[in-house]
Structures are given as structure tokens and as C-alpha cells.
Amino acid sequence: MVYFPFDKTNLVKESIFKLANFSSEEWAFYKQLLEEVSFPKKALLTVRGEVEKYAYFIIEGAVKYEAFTQDGKGICVDLGFKGNFVSSFASCLSQQASHISIQAVTAVNAFRLYYPKVLELMEKSKNAERFHRLIAEQLYVRESKRTYSLISKNAEQRYLYLLENQPDALRQIPIKDLASYLGIHPDSLSRIRNHIKL
């Protein structure tokens, strides 16, 4: 395992300490789990059909979560950007095969955490348990908001909501993946973007 300067791991520390006040010992244990990894564009961080073993904290880049229809068509169901923890958490927790893949849509630099070691820390530390519970709650709330948006908003409203809440998406995510995430055809997304620019 490789260790990195404080200023780099501090990105993770700042994210954690927003949710849980780790002691110096807890943070030292957590910090030693951080392993820096890099992925080229289109590489898979998580492979559908395999049990997820890692959680990733994105330092640079963007990823997409992709589910698949019975005929093999990929559907972008979520996005991840700098400062986000990403993982197939359902697979981590259940120790069953992941139903989704996570793919780099740009080159990605991240810290990787081996999930069994994270579980070990959670068993020893109430702060760690609280932190990961809050992460799970945030993911659930985000997924619920997206589901509600798909049901209750029209395509333009969904696009404007994305602009407001995930502005990095327009710069980093390909049109076809943005359209898939928004539940619309790429041509429709192009028309919406042109309309809003007017």
C-alpha cells in the first residue's frame, strides 16, 4: 500500500469530518486504508455480476453507474464526481453480485478503500459506523429525489435540476449518458439545451 501527503488525503478527511468527528486514532486507521488508484476513460471500477469489494473517493474525474435491460442496453442510473464516494454499496453490504457497473467517463484518480477493512473499523468505532450510515442515507435520499424527478418533472425541468445540482455533469458527461440519466432521447436533450441557450 502506498501513502500520500496529508494535503491529498485531507480531501477525504474533510468529507468524513463533515459527517462524523473521528478521533485522531480513528482517522489514522482510516487513512492507512486509503490506496490511490487511477483509471483510464471507459475503465470499469465496478463490474456487474461481481461482488463489490471497494468504495472509492473520487479525487479527479467522473463516473457513471450503469444498469442493463434484459436485451443488454445500458442505462445511466447515477453519476459520481470529484469529492463523491462511489461504490455498489448494495453489493458491498449484501455480499451478492452487483446489479450495476461503475465506469469512468473521464480519466479518474481516486482513493480506494477495501470494504472488509471498512467493516472492521465500523465494528470498533461508533463514529465510523455513523459516517457510513450517513453516506448510505445520503445515497438513498439522492436516489429517491431522482426517482421523484423522473416521475414528477418534465424533461426540461429535469435538465434544469441537473444543471443546478450537478453542474460538472455538462462538462464531463457525454450527451448520450446525460440523456440516459435524464430518461430522454439524446436528440431531445440537444433540443432542450439549444432552447435554454436562446
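The values are calculated or read from the model by the stated rules, or taken from the named source; none is laboratory data. The structure presented is a predicted model; accordingly, all values stated were derived computationally and were not measured. Methodologically, a virtual Cβ is constructed for each residue, glycine included, from the backbone with ideal geometry; neighbour enumeration extends over all protein chains shown.
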Filtered residue count, the stretch 63-96, keeping only those that are under 21 Å from residue 163 (Cβ atoms), assigned to a loop (DSSP other than H, G, I, E, B) and in contact (Cβ under 8 Å) with a residue 40 or more places away in the chain: 3
Within the set of pairs 6+ apart or on separate chains, which have a first residue in the stretch 175-198 that is over 10 Å from residue 158 (Cα atoms), a second that is basic (Lys, Arg), and C-beta atoms under 7 Å apart? 177/64; 186/176
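Every residue in the stretch 77-117 that is small (Gly, Ala, Ser) and buried (at least 19 other Cβ atoms within 10 Å of the Cβ), please.
At the first step, the residues of the stretch 77-117 found to be small (Gly, Ala, Ser) are 80, 83, 87-88, 90-91, 94, 97-98, 101, 104, 107, 110.
Within the stretch 77-117, 80, 87, 88, 91, 98, 101, 104, 110 qualify.
Mind checking which helices (runs of 4 or more DSSP H) fall wholly inside the stretch 118-190 and carry at least 3 residues that are surrounded by 12 or more Cβ atoms within 10 Å (Cβ to Cβ) and of a type in the set (S, T, N, Q)?
Values: elements: 126-152, 155-165, 168-172, 175-182.
Answer list for the stretch 118-190: 126-152.
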Check 64, 82, 18, 73 and return the single one that is basic (Lys, Arg) and under 15 Å from residue 135 (Cα atoms). 18
Here the residues within the stretch 40-53 that are more than 11 Å from residue 99 (Cβ to Cβ) and surrounded by 21 or more Cβ atoms within 10 Å (Cβ to Cβ) are 45
Farther than 14 Å from residue 29 by Cα, at pLDDT below 90, under 12 Å from the mean Cα position of the chain (by Cα) and not basic (Lys, Arg) - does that describe any residue in the stretch 103-126? no
Does at least one position in the stretch 159-173 carry a residue that is among the small types (Gly, Ala, Ser), in contact with a Leu (Cβ under 7 Å, 6 or more places away or on another chain) and touching a residue at least 60 places away in the same chain (Cβ under 8 Å)? yes
